[in-house]
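Chemist: Please read through the structure below; I'll follow up with questions.
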Amino acid sequence: MKALEEHVASMLAPEPAPAEPGKGRHMVLNMGPQHPSTHGVLRVLIELEGETVRKAAPDIGYLHTGIEKQFEAGTWLQGVVLTDRVDYLANLSNNLVYALAVEKLMQLEMPARVQWMRVMLAELQRIESHLVWLGTHALDIGAMSVFFYCFREREEILRIKEMFSGQRMMTSYIRPGGLALEPPRGWEKRVGKFIRDFPDKVDEYDDLLERNPVWLERTKGVGFISVEDMLDLGVTGPMLRAAGVKLDVRKNTPYSSYEKFDFEMAVRTENDVFARYRVRLQEMRESAKIVTQALEGMPEGPWQADAPKMLLPDREKMKTQMEALIYHFKLVTEGYRVPAGEAYQAIESPRGEIAYYVVSNGTSHPYRVHMRTPSFGNLQGLGPMIEGTLIADTIAAMGSMDFVLGDVDR
Amino acid sequence: MLHDWLGPGWSGFHAMNFFLLSLIKSGIVAFVLLTTLAYLQWAERKILAHVQIRVGPRRVGPHGLLQPLADVIKLMTKEDMIPSHVSKLLYLFAPFLAVSMALIPIAVIPFGGQVEVFGVKTWMQLTDLNVGVLFILAVTSVGVYGVALAGWSSNNKYALLGGLRSSAQMISYELPVALALAAPLLLVNTLSLRHIVEGQAGFYLGFIPRWSVFQGPWPQIFSFFLFLIAAFAETNRVPFDLPEAENELVAGFHVEYSSMKFAAFFMAEYANILTACCVGTLVFLGGWQPLLPDSLGGQFIPSIVFGLGGAISIFHGLNPARKLDRYTLPAFGVIFLGIAALFLIPILQAILLPLFWFAAKVGVLLFVFIWVRGTLPRFRYDQLMRFAWTVMFPIAMVNLLITGLLVALTS
């Protein structure tokens with residue numbers, strides 16, 4: 001924080017008299033925390049010379065809710081609802097990584113159906129998140145209508161999520177030990193219909209934007225940042241892949257049986273806003289492929305692990321067997337205990353590499369839960385990306401990063 | 001004195017007649033103009049909504065038809081706030097300047113030819129300046145001051161940037177507009193808008209209208225599109241809406257304005273669009289000249305259009321998509337059929353047909369303005385400038401030279 005404070009102080013300090021009249025006169029523009037294009041409450045201090053950005057310093061923390069600390073106050077299960085609220089546009093990914101981390105500590109192996117179900121939901125989540133990104137990014141650049149088309153498709157995914165969990169956004173559907181509820185009747189039909197129609201819709205967006213000269217002018221060659229800077233700053237996800245770095249946790253260190261799915265890693269080399277656009281659109285198509293595969297090859301089996309010490313017993317058993325009743329009582333009043341130890345689990349969220357580091361001291365409450373969130377890492381690239389460009393490029397570059405402020409500040 | 005001024009042919013009665021007539025015409029034009037501006041905004045919201053798979057305003061009145069009225073009431077009753085950090089005089093003067101300069105051009109725009117109402121002959125135009133085109137160009141350029149002053153006097157960084165962008169943009173695009181307008185003027189050889197339209201009367205081969213866009217020796221199709229593109233920039237519309245780009249500059253030059261002062265800028269923007277469409281119609285699309293000659297049934301086109309509109313409305317009213325449509329759409333259908341019938345009355349045709357053609361052409365251009373807003377993203381500032389100086393300007397220049405050469409050779 002000290003570096004930022006010094007940076008901000010140096011920007012606000014009265015500047016020395018210009019050597020020549022009209023030269024070296026800069027204006028400090030305080031963009032945000034309330035600004036239509038900062039996608040939440042991000043403040044960016046921008047030093048302008050005319051319309052050119054000379055210096056930029058993102059200032060975060062306006063959405064800090066202390067989620068990491070809140071984890072310690074609740075049980076392991078109660079933590080799940082907090083993960084929903086970290087990255088509210090990709091809540092199932094957050095559910096998944098938390099569940100995987102806790103399961104790692106408990107050394108639980110999930111049944112095949114659970115793993116495939118989780119993959120399918122995570123990919124639907126990726127599509128949903130990318131749809132929101134595409135809509136808002138296009139809106140930032142001035143193409144209003146794409147926003148509404150994207151939200152039409154997103155609405156269907158939200159309905160599917162509601163069908164599964166009863167909630168549209170804060171689903172808490174993927175939990176340590178399996179899924180929250182049994183998958184509802186008829187979900188195959190609903191998801192199948194959506195995923196059959198979806199590739200055509202992506203082509204529709206592509207038609208609207210990819211061959212649109214204004215869109216190309218605004219996005220090509222804009223928002224460049226060197227690969228070395230990206231790796232140093234911890235940028236991950238589509239931004240890194242748009243620079244030609246083949247890094248995708250799903251491929252490199254598969255989890256939840258991703259290795260059984262056949263999909264391509266979307267990679268481009270141009271490293272500009274347009275490349276990021278292409279990568280994300282390609283990812284939507286690949287996600288649709290994964291969902292189709294999951295749908296076709298969904299294994300039969302239980303939707304929860306066989307872990308009576310962790311999961312609520314069957315209602316029928318609870319009423320007839322004393323053992324089950326005791327487990328039920330203990331789980332409801334105190335929660336399950338997780339063996340002492342620590343675990344680190346990373347997955348590929350729509351925004352990049354998301355990782356949870358969970359520490360247990362053997363009680364029913366987490367000792368510490370720390371997150372490595374992709375938005376935070378990606379946002380660090382903002383300064384180098386926009387210095388020396390125009391204000392309009394700042395907006396395009398910010399949109400191409402696809403950060404969620406809840407994910408940055410947590 | 002009045003006698004001397006008006007010349008020997010004028011009697012007192014004629015002078016009275018002239019003033020009374022002008023007053024009535026001004027009243028009608030002002031009323032129609034302001035209503036059109038209000039409903040232009042309604043049309044924009046509706047069309048944009050349907051482009052974007054929404055339905056648009058529906059609450060106030062049937063199909064939201066009273067929405068403009070509600071908006072006016074809302075804007076008038078909002079607190080009229082003057083921020084403490086503004087330069088007060090210019091801050092208050094800017095919206096006034098913008099809106100008045102945007103409303104003035106309607107005075108020289110003709111809507112039709114000469115008509116006779118109750119034995120009085122008059123032109124469907126408030127006044128015919130012999131330099132009408134120049135007058136419109138001059139007045140609309142003064143409107144830039146409104147935007148620039150608003151940006152500066154607001155003492156706000158976003159407003160300043162918006163004002164700067166706007167002045168640079170409007171001054172740059174003034175040139176392509178002027179050059180694009182100059183070429184068709186060479187064909188008709190006059191600056192009076194009425195004579196420009198009269199010069200486009202008639203048909204080639206009996207069915208191709210002699211509008212400037214089709215007129216020989218060099219059809220002005222290029223300069224029409226140049227004019228249209230430049231008009232988008234002049235009126236700060238998407239894809240050239242940089243001065244008020246809400247995603248970059250929040251609201252641009254009018255970020256510090258509220259209540260009626262904001263409404264004034266809003267009205268100025270729409271009035272400018274209307275003026276641009278009117279000028280485009282008059283200079284390039286033959287004003288009130290019909291698309292088809294009467295020999296091919298050109299006088300029945302309005303009836304057919306409105307009749308079809310009425311039939312479609314009634315059909316959808318009988319198969320309503322929403323509950324309310326069951327009552328509103330048949331009502332609209334009947335109104336449309338009534339209008340269609342009006343166009344068949346021979347006495348009214350002389351007045352209504354020119355008005356229909358003029359309004360239809362302006363309407364099509366307005367629709368293009370709204371349609372583009374729903375389709376295109378926004379240019380960047382430097383791209384916009386580069387486009388004006390390296391693309392539009394040379395093409396307009398070459399077009400002007402070719403036109404001049406061919407006119408000189410053929411005359």
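Every number here is computed from the coordinates shown, using simple stated rules; none is lab data. Just so we're clear, the structure is a prediction, and the values are computed from it rather than from any experiment. Glycine gets a Cβ as well: all are built from the backbone with ideal geometry, and neighbour counts include every protein chain shown.
Chemist: Report the FRET efficiency, 1/(1 + (r/R0)^6), for A:LEU312 and A:SER226, where r is their Cβ-Cβ distance and R0 is 51 Å, rounded to 0.05.
Modeler: For R0 = 51 Å, the calculated efficiency reads 0.50.
Chemist: Structure shown: which of A:LYS104/A:LYS260; B:LYS25/B:LYS361; A:LYS69/A:LYS317; B:LYS74/B:LYS157; B:LYS25/B:LYS88; A:LYS189/B:LYS323 lie over 25 Å apart, alpha-carbon to alpha-carbon? Show your work: numbers first, answer last.
Modeler: Numbers: A:LYS104/A:LYS260 20 Å; B:LYS25/B:LYS361 22 Å; A:LYS69/A:LYS317 36 Å; B:LYS74/B:LYS157 28 Å; B:LYS25/B:LYS88 36 Å; A:LYS189/B:LYS323 31 Å.
Exceeds cut-off: A:LYS69/A:LYS317; B:LYS74/B:LYS157; B:LYS25/B:LYS88; A:LYS189/B:LYS323.
Chemist: Roughly how tilted is helix A:144-165, in degrees to the nearest 10 and between 0 and 90, from the longest Cα axis of chain A?
Modeler: The two axes meet at around 20 degrees.
Chemist: Taking 0.36 nm per residue of separation and subtracting the Cα-Cα distance, what length does fully extending B:TRP389 through B:ILE208 add?
Modeler: On the way: separation 181, 0.36 × 181 = 65.16 nm, distance 3.43 nm.
Length gained between B:TRP389 and B:ILE208: 61.7 nm.
Chemist: Using R₀ = 51 Å, calculate the FRET efficiency as 1/(1 + (r/R₀)^6) where r is the Cβ-Cβ separation of A:LYS319 and A:LEU63; round to 0.05. Don't jump to the answer; show the numbers that get you there.
Modeler: Details: r = 45 Å, r/R0 = 0.88.
E between A:LYS319 and A:LEU63, to the nearest 0.05, is 0.70.
Chemist: Let me ask you something else. Quick one: A:ASP272, B:ASP382, fewest Cβ neighbours within 10 Å first, how do they rank?
Modeler: On the way: A:ASP272 22, B:ASP382 13.
With the fewest neighbours first, A:ASP272, B:ASP382 line up as B:ASP382, A:ASP272.
Chemist: Can you give me the long-range amide H partners of A:LEU390? Hydrogens built in the peptide plane at 1.01 Å from N, cutoff under 5 Å, separation of 5 or more residues or another chain.
Modeler: A:VAL53
Chemist: Note the full-extension length gain between B:ARG54 and B:LYS88 as 0.36 nm times their separation in residues minus their Cα-Cα distance, in nm to one decimal. Provide the component values of the computation, followed by the final result.
Modeler: Details: separation 34, 0.36 × 34 = 12.24 nm, distance 4.08 nm.
Contour length minus the Cα-Cα distance gives 8.2 nm.
Chemist: How do A:ILE174, B:ILE171, A:ILE60 rank when sorted from fewest to most other Cβ atoms within 10 Å of their own Cβ? Mind dumping the intermediate values first?
Modeler: Values: A:ILE174 30, B:ILE171 13, A:ILE60 22.
So the residues, fewest neighbours to most, are B:ILE171, A:ILE60, A:ILE174.
Chemist: Under the rule a/c < 1.5 gives rounded, and otherwise a/b versus b/c splits prolate from oblate, where does the protein assembly as shown land using the Cα gyration tensor?
Modeler: Working: a/c = 2.51, a/b = 1.90, b/c = 1.32.
Verdict is prolate for the protein assembly as shown.
Chemist: Classify the stretch A:67-407 as rounded, prolate or oblate, taking a ≥ b ≥ c as the square roots of the eigenvalues of its Cα gyration tensor: rounded when a/c is under 1.5, otherwise prolate if a/b is larger than b/c and oblate if not. Kindly include the intermediate steps, with their values, before the conclusion.
Modeler: Numbers: a/c = 2.32, a/b = 1.64, b/c = 1.41.
Prolate, since a/c reaches 1.5 and a/b exceeds b/c.
Chemist: To the nearest whole number, what is the average tally of beta carbon atoms from other chains within 10 Å of the beta carbons of peptide A:137-146?
Modeler: Working: counts 0, 1, 3, 6, 9, 15, 7, 10, 8, 3.
For this peptide, the per-residue mean of nearby foreign Cβ atoms is 6.
Chemist: What distance in nm separates the simple spin-label points at B:LEU20 and B:LYS121, each placed 7 Å from Cα in the Cβ direction?
Modeler: Calculated label separation equals 1.9 nm.
Chemist: Ok, one more. How many angstrom lie between the C-alpha centres of the stretch A:277-307 and the stretch B:183-236?
Modeler: Result: 59 Å between the Cα centres.
Chemist: Assuming 0.36 nm per residue, please report the length gained on full extension of the stretch B:ILE28 to B:ALA311 beyond their Cα-Cα distance. Provide the component values of the computation, followed by the final result.
Modeler: Working: separation 283, 0.36 × 283 = 101.88 nm, distance 3.05 nm.
Residue separation times 0.36 nm, minus the Cα-Cα distance, leaves 98.8 nm.
Chemist: Which net charge results when you count Lys and Arg as +1 and Asp and Glu as -1 among the other residues whose beta-carbon is under 12 Å from that of A:ALA294? If you can, show how the numbers build up before the last one.
Modeler: On the way: positive: A:ARG113, A:ARG118, A:LYS260, A:LYS289; negative: A:GLU123, A:GLU188, A:ASP262, A:GLU296.
Taking every other residue near A:ALA294 into account, the sum is 0.
Chemist: Moving to a separate point now. Quick check on the exposure proxy: order A:THR171, B:THR190, B:THR410 from fewest to most C-beta atoms within 10 angstrom.
Modeler: Working: A:THR171 22, B:THR190 16, B:THR410 9.
Lowest count first: B:THR410, B:THR190, A:THR171.
Chemist: Averaged over peptide A:29-37, how many Cβ atoms belonging to another chain are found within 10 Å of each residue's Cβ?
Modeler: Partner Cβ neighbours, averaged per residue: 3.
Chemist: Hey, another quick one. Would the stretch A:139-280 count as rounded, prolate or oblate if I go by the C-alpha gyration tensor, calling it rounded below 1.5 in a/c and otherwise prolate when a/b exceeds b/c, oblate otherwise?
Modeler: Details: a/c = 2.23, a/b = 1.35, b/c = 1.65.
It comes out oblate by the Cα gyration axes.
Chemist: Given the -39500 (n - 2.57) contribution per DSSP H run of 4+ residues, what per-residue ellipticity at 222 nm results for chain A, rounded to the nearest 500 deg cm²/dmol? Before the final figure, lay out the partial values.
Modeler: Working: 18 runs with 206 residues, N = 410.
About -15500 deg cm²/dmol.
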